[in-house]
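The values are calculated or read from the model by the stated rules, or taken from the named source; none is laboratory data. Nothing here was measured: the structure is a model prediction, and the numbers come from that model. Every residue, glycine among them, receives a Cβ derived from its backbone with ideal geometry; neighbour counts consider all protein chains shown.
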Amino acid sequence: IGVLALQGSFREHMALLERCGVEAIEVRTKEELGSCAGLIIPGARRGPRCLSTTMALVAERWGLIPELRQFAAQQRPIWGTCAGLIFLADRASGMKEGGQALLGGLDCTVQRNFFGAQINSFETQLPAPACLPRSADPSETFRALFIRAPAITETGPGVEVLAEYCLSEGERAQQQRDSVAVAVRSGPLMATAFHPELT
């Protein structure tokens, strides 16, 4: 499994994969990407700059955008976390003028920094998705850490929502909705707004 090592918490993803006994490599070149059966596109746990924009700029500069799109077109698994979710989305709002290169593939709309700035980062418990092995307890949850996190505000018909975050009363009034999707899957693509590598 490759971890896109252009920016972000790729070292934390690498360490977690290795603890799970998975052979993992850092990906910075098309040759390294070509050797992978699957790919993780990480987010970042800190920093004032927008990681998704920085990552897209570096990927463009290194000529990786066409290679990443080809990788996705070959139906190889890709998991995007936080900024990686933005990278995989077909549509993104809250972008700087001119936007950024999106890899695309996930029929969803993502709102950047949905939960606010770095100071608004938080950890919560989310219901475990039905696709995961579960204990006998139907109320089983898992920890989810949100750092300058995006949220998925719209999903297409082929996108399965794996986890939702229930908004507070104030957030519901502001957003005119009760919850937002924070983990989705479509075919070989999966994305999370939170940082599983840090919990």
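Okay, here's what the table says:
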read-out	value
Residue under evaluation residue 173, criteria (1) under 14 Å from the mean Cα position of the chain (by Cα); (2) at pLDDT below 95; (3) not charged (D, E, K, R), criterion not met	(1)
Pairs with Cβ under 8 Å, 6+ apart, first in region 158-182 and without any contact (Cβ under 8 Å) to a residue 60 or more places away in the chain, second among the hydrophobic types (A, V, I, L, M, F, W, C) and exposed (fewer than 15 other Cβ atoms within 10 Å of the Cβ)	162/131; 178/166; 179/166
Check on residue 122, surrounded by fewer than 22 Cβ atoms within 10 Å (Cβ to Cβ), among the hydrophobic types (A, V, I, L, M, F, W, C), modelled with pLDDT of 80 or more and farther than 23 Å from residue 16 by Cα	no
Qualifying residue in region 11-21 (condition: buried (at least 17 other Cβ atoms within 10 Å of the Cβ), touching a strand residue (DSSP E or B) at 6+ places or on another chain (Cβ under 6 Å), of a type outside the set (A, V, I, L, M, F, W, C) and at pLDDT 85 or above)	yes
Filter result (at pLDDT 95 or above and either surrounded by fewer than 13 Cβ atoms within 10 Å (Cβ to Cβ) or not hydrophobic (A, V, I, L, M, F, W, C) (or both)) within region 35-51	35, 37, 38
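Let's see how each residue does on (1) surrounded by fewer than 16 Cβ atoms within 10 Å (Cβ to Cβ); (2) in contact with a helix residue (DSSP H, G or I) (Cβ under 9 Å, 6 or more places away or on another chain); (3) aromatic (Phe, Trp, Tyr); (4) not in a loop (DSSP other than H, G, I, E, B):
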site	(1), (2), (3), (4)
66	yes, yes, no, yes
72	no, yes, no, yes
85	no, yes, no, yes
102	no, yes, no, no
126	no, no, no, yes
